[in-house]
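For reference, the structure discussed in these notes is given below.
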Amino acid sequence: MDDIKISSNRSFGIVFFIFFLLLALYPLTHNGEIRVWSAIISLIFLVLGSLNSKILAPLNKLWFKFGIFLGKIISPLIMGMIFFLIVTPIGLVMRIFGKDLLRLKKDNSNTYWINRPNSESNLKNQF
């Protein structure tokens, strides 16, 4: 976590200004009224972000730690889902059809060298 740089207070304030502004204006898409509380919070973040205020530093650090925490939880879950929902079924189907794409089955031959028929290339003039 020491090598990861936290974003500036200015960019943090602007991002949350945009978030709360969108949250304030969203009811207009369904003929509703503007959320005043969200508009006020967005203006506070705009002012503090444009001034690059030190008041945003603890919130920025807390948001950063929350992101690291989510990354430690969500990443293994997503990778596990990908493995068990995609890689495992493909492997089972390959075993059912008897495919050995990596040639891992034990062979009785003396060498693992693969003879290539019609090998027209040579290593003299490669390019």
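The values are calculated or read from the model by the stated rules, or taken from the named source; none is laboratory data. The model shown is predicted, which means the values in this text are computed figures rather than measured ones. As a convention, Cβ positions derive from the backbone with ideal geometry for all residues, glycine included, and neighbour counts pool all protein chains shown. In case anyone asks, the SASA skips ligands and DNA or RNA and just uses the protein heavy atoms, side chains included. Shrake-Rupley method; radii C 1.70, N 1.55, O 1.52, S 1.80 Å.
For segment 40-84, the Cα-based Rg and Dmax, in that order, read 16.3, 49 Å.
Only protein atoms count toward the accessible area here, which uses a 1.4 Å probe; on the chain, the carbon and sulfur part of that area reaches 67 percent. Spatial offset of segment 20-60 relative to segment 74-127 amounts to 53 Å, using the alpha carbon center of each. For the chain, the number of Lys pairs separated by eight or more positions or lying on different chains, with C-alpha atoms closer than 25 Å, is 6. Averaging 1/r over each pair of different alpha-carbon atoms in segment 62-127 and inverting the result gives 17.1 Å, the Kirkwood hydrodynamic radius.
Put simply, when 29-41, 47-59 are sorted by average Cβ atoms within 10 angstrom per residue, most first, you get 47-59, 29-41.
In square angstrom, what is the accessible area per residue of segment 52-127 with a 1.4 angstrom probe?
Details: 7710 Å² over 76 residues.
Roughly 101 Å² per residue, with all protein chains present.
Per residue, the Cα convex hull of segment 1-61 amounts to 80 Å³.
I need to check one value: relative contact order of segment 14-127, counting alpha carbon pairs closer than 8 Å and at least 6 residues apart, in percent. Please report the intermediate quantities before stating the final value.
Values: 40 pairs, mean separation 17.9, N = 114.
Once normalised by length, the contact order is 16 percent.
Compared with the dominant principal axis of the Cα atoms in the chain, helix 36-50 is inclined by about 80°.
Entry note: the chain has Rg to Rh equal to 1.35, where both radii use alpha-carbon atoms and Rh is the Kirkwood radius.
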